[in-house]
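This report concerns only the one structure given below.
Read the figures in this text as sums done on the coordinates, not as results from a lab. All figures in this text were calculated on a predicted structure; none of them were measured in a lab. Counting neighbours? That spans all protein chains shown, and the Cβs are built from the backbone with ideal geometry, glycine included.
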Amino acid sequence: MARTVLVLVGTKKGAFILESNGARRAWALRGPYCDTWPMNHVVGDPATGRIHAGGGNEWFGPAVWQSDDLGASWRHSSRGLAYAEGETPVKTVWSLAPGPGGTLYAGVEPAGLFRSDDGGESFTHLDGLQQHPSRAEWNPGGAGLILHSLVLDPEDPDGVWVGISAAGVFHSADGGKTWSARNRGTRADYLPEGQNYPEHGQCVHCVVKAPGMRHRLYQQNHCGMYRSDDGGVSWASIEQGLPSSFGFPAAAHPRDPDTLFLVPLNGDTAGRFMPDAKAAVWRTRDGGANWTALRAGLPQQNAYFNVLRQAMATDTLEPAGVYFGTGSGELYVSPDEGETWSRVAEHLPTISSVETLVVEA
Amino acid sequence: MPADPQSSPRAPVRVRLPAHLVRLFPDGETLVEVVAGDVRQLMDALEARWPGMRDRLCDERPAIRRHINVFVNGRRARLDTPLVPGADVFILTAISGG
């Protein structure tokens with residue numbers, strides 16, 4: 001069966017879609033969509049084919065946009081996407097996750113979680129995060145107090161992990177009513193000596209779920225790369241062998257729980273661009289014990305770009321495609337699990353997010 | 001003596017909406033007349049006509065969004081600003097961007 005691969009790109013000035021066939025060699029770009037609003041996360045629901053785009057406009061506030069025709073037409077809603085009267089208003093949507101049965105979760109700034117039971121037409125606030133005992137101590141990261149990582153447990157409809165900068169990772173086993181911090185073993189280098197492993201307050205940058213192993217997660221943190229094999233209860237460093245401990249995105253393989261892709265940057269106080277200005281995606285095939293730099297086709301001089309926290313993804317094909325977008329508006333594609341790369345778009349606005357959707361042609 | 005439309009309680013106010021707001025709504029119009037006693041009621045009227053428009057202009061404090069300006073007869077208004085019949089209302093987006 002012929003398949004169409006869509007790369008869903010969220011940028012500072014609208015959403016874009018790149019489209020190819022299963023070979024993933026030739027790509028066509030279309031957009032900008034969503035009236036050029038800043039779009040922090042654009043995702044596809046493989047069960048329905050619906051595309052959701054979450055973001056916010058400085059004038060008009062937060063909204064989730066929907067397309068049922070692969071981007072040809074869009075509508076938007078923010079019905080219910082608001083905190084209680086008198087609270088600091090929701091500024092923008094940062095993360096989206098389609099769940100079973102037409103549910104859609106939305107993470108927002110300032111950090112909070114909403115759920116839609118009608119595919120994004122209306123939302124209900126899950127206020128458990130606001131009730132967490134540590135809530136008053138959460139401090140914003142560089143991009144604000146944002147709920148950017150939203151990971152649904154495919155084997156537990158009530159299980160969800162979130163990553164909040166800079167509050168850390170939290171898990172709910174009851175669909176968002178109550179939460180527990182899941183940060184043991186992750187460092188906070190910016191705290192005083194002796195206080196570097198707090199219960200919460202870590203600057204998590206990205207959390208992803210490994211496929212096929214229920215309790216395995218990976219995390220790119222401001223301070224290191226980590227793996228958890230117990231659903232985030234404890235984390236072990238996997239940064240040895242990488243050029244730095246700093247980066248933003250992480251992308252899991254669609255089938256192999258031991259394969260992970262990262263984009264280490266040169267350091268949080270060193271410019272936050274590619275180490276030595278030479279671009280590389282780093283891949284492990286053994287859960288983080290060993291790392292390989294993947295550079296074929298990526299610029300090896302003057303690469304002063306970054307890759308933001310939601311701007312790398314894989315697809316579901318065999319071999320898996322890997323995709324990342326840069327702060328300088330370039331999109332790179334590998335159709336062979338990172339072995340070779342090509343630049344398929346340039347001069348886009350700053351890329352905030354990259355996701356994929358594979359549909360039957 | 002004919003009634004003065006400016007003093008009639010049923011006289012509408014005239015509202016000008018920014019084009020980049022209107023294009024977010026099917027059948028939106030940049031010039032609309034509504035009956036409202038204050039800006040809050042004006043927002044309610046816009047919401048009734050184009051569901052979702054109030055959320056684009058107001059937040060949950062509740063207040064007019066930070067980068068939206070509402071002018072009533074030339075003066076910057078808040079949600080509780082009264083509207084006299086026949087008032088001219090401009091809803092504008094602030095300078096913002098990059």
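Summary table
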read-out: Over 14 Å [Cα-Cα, region A:44-133], rounded percent; value: 61
read-out: Over chain A, relative contact order from alpha-carbon pairs under 8 Å, at least 6 apart, %; value: 13
read-out: Isotropic mean projected area of the C-alpha convex hull, chain A (nm²); value: 16.4
read-out: Viscosity 1.002 mPa s, 20 °C: Kirkwood-radius Stokes-Einstein D of region A:1-83 over Cα pairs, µm²/s; value: 162
read-out: Amide proton proximity set for A:H205, modelled H, under 5 Å, gap of 5+; value: A:Q220, A:N221, A:H222
read-out: Structure-based [θ]222 nm, chain B - -39500 (n - 2.57) summed over DSSP H runs of at least 4, per residue, nearest 500; value: -5000 deg cm²/dmol
read-out: Value of Rg to Rh for region A:110-263 (Rh from inverse mean 1/r over Cα pairs, i.e. Kirkwood); value: 0.96
read-out: Integer Hz, Karplus 6.51/-1.76/1.60 couplings in order for region A:113-119, x for Gly and Pro; value: 10, 10, 10, 10, 9, 10, x
read-out: Principal-axis tilt of helix B:39-49 within chain B, Cα atoms, nearest 10 degrees; value: 80
read-out: Part-to-part distance (alpha-carbon centres) for region B:31-63 and region A:275-340, which is given in Å; value: 47
read-out: Overall dimensions of region B:29-98 as given by Cα atoms, namely Rg and Dmax in Å; value: 11.6, 38
read-out: Footprinting exposure proxy for A:I351, A:I17 (fewest neighbouring C-beta atoms within 10 Å first); value: A:I17, A:I351
read-out: For chain A, calculated [θ]222 nm from helices alone, where every DSSP H run of n ≥ 4 adds -39500 (n - 2.57); value: 0 deg cm²/dmol
read-out: Amide proton proximity set for A:S352, modelled H, under 5 Å, gap of 5+; value: A:G10, A:T11, A:K12
read-out: Average Cα contact separation per residue, region B:29-98, under 8 Å, 6 or more apart, as relative contact order %; value: 31
read-out: Contour excess over end-to-end distance, with Cα ends at A:A26 and A:R285 and 0.36 nm allotted per residue; value: 90.5 nm
read-out: Pairwise Cα inverse-distance average, inverted: Kirkwood Rh of region A:115-191 (Å); value: 13.5
read-out: Fewest-first sequence of A:W37, A:W138 by Cβ atoms within 10 Å of each Cβ; value: A:W138, A:W37
read-out: A:V90 long-range amide H proximity, modeled H, under 5 Å; value: A:Y83, B:E60
read-out: Sequence-separation-based contact order of region A:174-292, relative, with Cα cut under 8 Å and 6+ spacing, percent; value: 19
read-out: Residue order, fewest to most surrounding Cβ atoms within 10 angstrom, among A:L242, A:L113; value: A:L242, A:L113
